[in-house]
Each structure stands twice: as C-alpha cells, then as structure tokens.
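First up is the structure itself, then whatever we jot down about it.
What follows draws every value from the coordinates through simple rules; no lab data is involved. The structure displayed is predicted, hence computed values, not measured ones. Neighbour counts are summed over all protein chains in view; Cβ atoms, including those assigned to glycine, are modelled from backbone coordinates with ideal geometry.
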Amino acid sequence: MKSPNEFWLRLHDLSEAYLAEGLTPNERTDNIVNQFREMPPIAQREVLGDLIQLAGRLPDLRPAVIAAANEAEAVNRRKRELAG
C-alpha cells in the first residue's frame, strides 16, 4: 500500500529533477527533450502517455490544492485569534 504522502513526495522529487536539468526553462526543456529522443521507442510511448495523463490533470488539481491551502490557513488564523 502506498503511503498517504507518496504523491507529494514524488511531486517534490519531480520538481527537483526538473530544476536540475538546467538554469533556465528553455535549457531544461532542451535537455529533457534530448534525453527523450535517446530513449527507445517503446519507452518514449510509455513516458509520453504518462506525461499526457499528468499534464492534463494538473490544471484541475492546482486550484483545488490552492483552495485547500487557503482553507487551512484560515482555520489556523482563527485558532490563533481565539488563543490570543
């Protein structure tokens, strides 16, 4: 069974890996695409499928997570006000 934080840990790892690919967004893209080109076709298809699936879902996830973070901050603020 996966840990409850598996997604977030892997997201952090992916972000770190992306940043390690270069100093600018263009350099990172070039490096990542060049590595993709070196993969065998079967690996390219698998990776492309993962990329399409995730990239298509992240725009939906982003506002939901931001809303949850804002809600948590509001709850914490109210707790501090009541305790203060």
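Normalise the Cα radius of gyration of the range 6-48 by 2.2 N^0.38 Å (N = residues in it) and let me know the number. Write out the running numbers ahead of the final one.
Numbers: Rg = 11.9 Å, N = 43, 2.2 N^0.38 = 9.2 Å.
For the range 6-48, the normalised Cα radius of gyration comes out at 1.29.
Specify, per residue and in Å³, the volume enclosed by the convex hull of the alpha carbon atoms belonging to the range 25-64. Before the final figure, lay out the partial values.
Numbers: hull volume 2.4 nm³, N = 40.
Convex hull of Cα atoms, per residue: 61 Å³.
As a test of the formula, what do you get for the chain when each DSSP H run with n ≥ 4 contributes -39,500 (n - 2.57) and the sum is divided by the residue count, at 222 nm and rounded to the nearest 500 deg cm²/dmol? Could the numbers behind the result be given before it?
Values: 3 runs with 70 residues, N = 84.
The per-residue figure over the chain is -29500 deg cm²/dmol.
Compute from the Cα atoms of the chain the Rg and the Dmax, the latter being the longest Cα-Cα distance, and quote both in angstrom.
18.4, 61
Hey, for a label at LYS2 modelled as a point 7 Å past Cα toward Cβ, could you say which residues of the range 22-65 have their backbone N under 17 Å away?
47, 49-62, 65
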